[in-house]
Amino acid sequence: MTLKLKINMNFNDYETSISKLKLKVEQFMEERKWRRFHQPKNLAESICIESAELMELFQWMGNDESYRWAVKPGNRVKVEEELADILIYILSLANILKIDLTSATLRKLEKDREKYPIDEI
């Protein structure tokens, strides 16, 4: 028997807030009682592990080859899954540490704007 994952098409990057996505991840974790495994150290390690799995997909490819490989439908699914794994762990870490990712990202972009001014590019 093959299980089909139901995807609610109302959820996409343009119509879904980060807070709604964080809530979906939190609900998933709570349903499985995984909170006890979600310490900052474990989640940070998991982000690195999943990032390494993403890098492994492109290992030994040149830049142009990696793009051509990644846009092929079957390969694109692999990239999507690894990116989703990384994001799930990022959102989980933000959830347990009560980090507002939008504020943190905007603060970091402002810092980077100062560090890398446009006129020096």
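In debye to the nearest 20, how big a dipole does region 36-98 give about its Cα centre with +1 on each Lys and Arg Cβ and -1 on each Asp and Glu Cβ?
On the way: 7 positive and 10 negative charges, 52 e Å.
The calculated dipole for region 36-98 is roughly 240 debye.
Explain nothing, just the number: relative contact order of the chain, from Cα pairs under 8 Å at least 6 residues apart, as a whole percent.
36 percent.
Please work out whether region 7-61 counts as rounded, prolate or oblate from its C-alpha gyration tensor, where a ≥ b ≥ c are the square roots of the eigenvalues and a/c under 1.5 means rounded, while otherwise a/b larger than b/c means prolate and anything else oblate? Write out the running numbers ahead of the final one.
On the way: a/c = 2.58, a/b = 1.20, b/c = 2.16.
Because a/c hits 1.5 or more and a/b fails to exceed b/c, region 7-61 counts as oblate.
Calculate one ³J(HN,Hα) per residue across region 84-93 by plugging θ = phi - 60° into the Karplus curve 6.51 cos²θ - 1.76 cosθ + 1.60, and present them in order as whole Hz with x for glycine and proline.
5, 4, 4, 5, 4, 5, 4, 5, 5, 5
Just how far, in whole angstrom, is region 59-74 from region 77-121 if you go by their alpha carbon centroids?
That distance is 24 Å.
To the nearest µm²/s, what D does Stokes-Einstein give for region 36-98 at 37 °C and 0.692 mPa s, using the Kirkwood radius over alpha carbon pairs as Rh? Spell out each step's value before the answer.
Numbers: Rh = 12.7 Å.
For these conditions, the coefficient is 259 µm²/s.
Using only the Cα atoms, what convex hull volume per residue in Å³ does the chain have?
In the chain, the Cα convex hull volume per residue is 185 Å³.
What residues of region 62-96 lie in the reach of a label at residue 16, counting those whose backbone N is under 17 Å from a point 7 Å from the Cα along Cα→Cβ?
77-95
Go through region 13-20 residue by residue and turn each phi into a ³J(HN,Hα) via Karplus (6.51, -1.76, 1.60, θ = phi - 60°); whole Hz please, and just put x for glycine and proline.
Values per residue, Gly and Pro as x: 4, 7, 10, 10, 6, 4, 5, 5 Hz.
Rule-based calculations on the coordinates, nothing more; no lab input. Values in this document were obtained by computation on a predicted structure and should not be read as measured data. Backbone-built Cβ (ideal geometry, glycine too); neighbour counts: all protein chains shown.
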